[in-house]
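*Asks:* I'd like to ask you about the structure that follows.
The values are calculated or read from the model by the stated rules, or taken from the named source; none is laboratory data. Bear in mind that the values here come from a model prediction, so they are computed numbers and not experimental data. A quick note on method: Cβ atoms are made from the backbone with ideal geometry, for glycine too, and the neighbour counts reach across all protein chains shown. Each accessible area value is taken on the protein alone, full model and side chains, heavy atoms only, with ligands, DNA and RNA left out. Shrake-Rupley method; radii C 1.70, N 1.55, O 1.52, S 1.80 Å.
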Amino acid sequence: MRKMLNLQECIIRLATEADTDDLLAIARGIWGGSDYLPKILPRWLSEPYFFVCEYHGRAIACIKLSLFPDHVLWFEGLRVLHRYQGKGVGSLMNREMFRFASQLKAKDPLLQFEFCTYYQNVESLHLTEKLGFRKVQGFYALDKHGIKRQAQPKIIEDYDMALFTDFPNYIPCGWQTVHNHPDSLSFIKERITVFETDQARYYVGGLTEKSIALLSPPPKDIKAELPFFQSFFPPLKRYGIIVPTGYKRYLGKLHNAGFKFWDNESKPVENMLVLRKD
């Protein structure tokens, strides 16, 4: 008979390279084995504030905290080994990270705690709401099946924060978001590529799972833009697009071009949520 998990025997500590195999095993049980953790793992292991939960000599969970511009501590990457999910490990990790984050906030009183999640990630939302997080921003995240054809857009390297007028508060870099603040420019340039076609400008962002983002309302012939979008992804590969809430009226046009909500919602829903605790 399998022994029940004893949370009191869990050790929360910084991750090391020796945890790699355990962390990869955790990732295999997330999203059918398509989790982004293996791609980002080398980077996270080299950065501060990557924690694991060790249980009987094995890492069974992880979480990453990162310092973002404008006094933000970003929470992401909470993962629990499949066999230990639903047993309180996630709650334990959140409590311990919040305790650690509070120590950092004591050194920087302006520090804000933020994270981004899918709107149906009920467990994560429930856990963090109990810790005082609240929604401060929403986006529309859609995706579509890829096409074969690719076309190379013009890459724009010389830009400043004025480019992001339609993202007045938060700028998504994939599913990481950063404040629209002058200090964020170098952070953004590390994580996105701005490009333009004959019709409009866009950017593709994200360190691992990349998404297209609109910098202006979708042009009249949005389908003509698809080969340019596809140039950042392998032919036929699915990809996502992030739409600011101010563009809600254009969702029908994107839908007609093949972009769909993940769960085929019948009504537009802000399904990419940013939450914050001051």
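*Asks:* Give me the dipole magnitude in Debye, nearest 20, for the range 109-165 about the Cα centre, with unit charges on the beta carbon: positive for Lys and Arg, negative for Asp and Glu.
*Replies:* That gives the range 109-165 a dipole magnitude of about 320 debye.
*Asks:* Also: Say the cut-off is 23 Å between C-alpha atoms; which of Lys223/Lys248; Lys107/Lys189; Lys39/Lys64; Lys144/Lys210; Lys64/Lys144 go over it?
*Replies:* Values: Lys223/Lys248 18 Å; Lys107/Lys189 28 Å; Lys39/Lys64 14 Å; Lys144/Lys210 13 Å; Lys64/Lys144 29 Å.
With Cα atoms farther than 23 Å apart: Lys107/Lys189; Lys64/Lys144.
*Asks:* Using only the Cα atoms, what convex hull volume per residue in Å³ does the range 1-88 have?
*Replies:* Values: hull volume 10.1 nm³, N = 88.
In the range 1-88, the Cα convex hull volume per residue is 115 Å³.
*Asks:* I'd like to know how the range 134-278 sits against the 2.2 N^0.38 Å rule of thumb: what's its Cα Rg over that expected value? Show your work: numbers first, answer last.
*Replies:* On the way: Rg = 14.5 Å, N = 145, 2.2 N^0.38 = 14.6 Å.
The value comes to 0.99.
*Asks:* To the nearest Å, what is the center-to-center distance of the range 192-208 and the range 130-183, using C-alpha atoms only?
*Replies:* 9 Å
*Asks:* Might you report the magnitude of the Cβ-based charge dipole of the range 123-207 about its Cα centre, with Lys and Arg at +1 and Asp and Glu at -1, to the nearest 20 debye?
*Replies:* Numbers: 10 positive and 11 negative charges, 70 e Å.
In debye, rounded to 20, the range 123-207 gives about 340.
*Asks:* Residues with amide H under 5 Å of Ser231's amide H, sequence separation 5 or more or different chain, H placed in the peptide plane at 1.01 Å from N; which?
*Replies:* Ala151
*Asks:* Under the Karplus relation 6.51 cos²θ - 1.76 cosθ + 1.60, θ = phi - 60°, what is the ordered set of whole-Hz ³J(HN,Hα) values for the range 257-272, x standing for Gly and Pro?
*Replies:* Values, residue by residue: 8, x, 8, 10, 5, 4, 9, 6, 4, 6, 10, x, 9, 6, 9, 10 Hz.
*Asks:* Taking the dipole about the Cα centre of the range 170-278, with the C-beta of Lys and Arg at +1 and of Asp and Glu at -1, give me whichever of Gly252, Ile192, Val204 is farthest to the positive side.
*Replies:* Farthest along the dipole direction, towards plus: Gly252.
*Asks:* Continuing with this model, one more query. For Lys210, tell me the accessible area in Å² from a 1.4 Å probe, rounded to the nearest 10.
*Replies:* Solvent-accessible area, nearest 10 Å²: 90 Å².
*Asks:* Any idea what angle helix 37-46 forms with the longest principal axis of the chain, computed on alpha-carbon atoms, 0 to 90 degrees, nearest 10?
*Replies:* For 37-46 against the chain, the angle is about 70 degrees.
*Asks:* Can you work out ³J(HN,Hα) from phi for every residue in the range 233-248, in order, using Karplus 6.51 cos²θ - 1.76 cosθ + 1.60 and θ = phi - 60°, giving whole Hz and x for Gly and Pro?
*Replies:* Once θ is set to phi - 60°, the couplings for the range 233-248 become 9, x, x, 6, 6, 5, 8, x, 9, 10, 10, x, 5, x, 9, 3 Hz.
*Asks:* What are the chymotrypsin sites (Phe, Trp or Tyr not before Pro) within the range 172-278 that DSSP puts in a loop, where the Cβ has at most 14 other Cβ atoms within 10 Å? Intermediate values should be presented prior to the final figure.
*Replies:* On the way: sites: Trp175, Phe187, Phe195, Tyr202, Tyr203, Phe228, Phe229, Phe232, Tyr239, Tyr247, Tyr250, Phe259, Phe261, Trp262; in loops: Trp175, Phe232, Phe259, Trp262.
Filter output for the range 172-278: Trp262.
*Asks:* Size of the dipole of the chain about the Cα centre, Lys and Arg at +1 and Asp and Glu at -1 on the beta carbon, nothing else charged, in debye to 20?
*Replies:* 840 debye
*Asks:* Further, regarding this structure: Return the Cα extents of the chain along principal axes one, two and three, sorted largest first, each rounded to a whole Å.
*Replies:* The Cα atoms of the chain stretch 60, 44, 35 Å along their principal axes.
*Asks:* Another one. With a 1.4 Å probe and all protein chains kept in place, how do His179, His71, His145 rank by accessible area, largest first? Please list the in-between numbers first.
*Replies:* On the way: His179 15, His71 75, His145 120 Å².
Final ranking, largest accessible area leading: His145, His71, His179.
*Asks:* Using a 1.4 Å probe, what is the accessible area per residue for the range 1-90, in Å²?
*Replies:* Details: 4740 Å² over 90 residues.
Averaged over the residues of the range 1-90, the accessible area is 53 Å².
*Asks:* Ratio to report: Rg/Rh of the range 61-112, with Cα atoms as the point set and Rh obtained by the Kirkwood method; give two decimals. If you can, show how the numbers build up before the last one.
*Replies:* Values: Rg = 12.6 Å, Rh = 11.9 Å.
My calculation puts Rg/Rh at 1.06.
*Asks:* To continue, here is another question. Send over the per residue convex hull volume for the range 145-192, Cα only, as a whole number of Å³. Write down the numbers at each step before the final one.
*Replies:* Working: hull volume 5.5 nm³, N = 48.
Hull volume over Cα atoms, normalised by residue count, gives 114 Å³.
*Asks:* By accessible area of protein heavy atoms, probe 1.4 Å, what ranking do Ser186, Ser216, Ser266, Ser211 get, highest first? Could you put the intermediate results ahead of the total?
*Replies:* Working: Ser186 90, Ser216 35, Ser266 120, Ser211 15 Å².
Ranking Ser186, Ser216, Ser266, Ser211 by accessible area, largest first, yields Ser266, Ser186, Ser216, Ser211.
*Asks:* Going by amide H atoms built from the backbone, whose H comes under 5 Å of the H on Leu5, apart from near neighbours?
*Replies:* Under 5 Å from the amide H of Leu5: no residue qualifies.
*Asks:* If you don't mind, another one. Only helical DSSP H runs with n ≥ 4 go in: add -39500 (n - 2.57) per run for the chain, normalise by residue count and round the 222 nm mean residue ellipticity to 500 deg cm²/dmol. Mind showing how you got there, number by number?
*Replies:* Details: 7 runs with 65 residues, N = 278.
It comes out at -6500 deg cm²/dmol, rounded to the nearest 500.
*Asks:* Another question about this same structure. Picking from Ala151, His71, Gly57, whose Cα lies most toward the positive end of the charge dipole for the range 42-190 (charges on Cβ: Lys, Arg +1; Asp, Glu -1)?
*Replies:* Farthest towards the positive end: Gly57.
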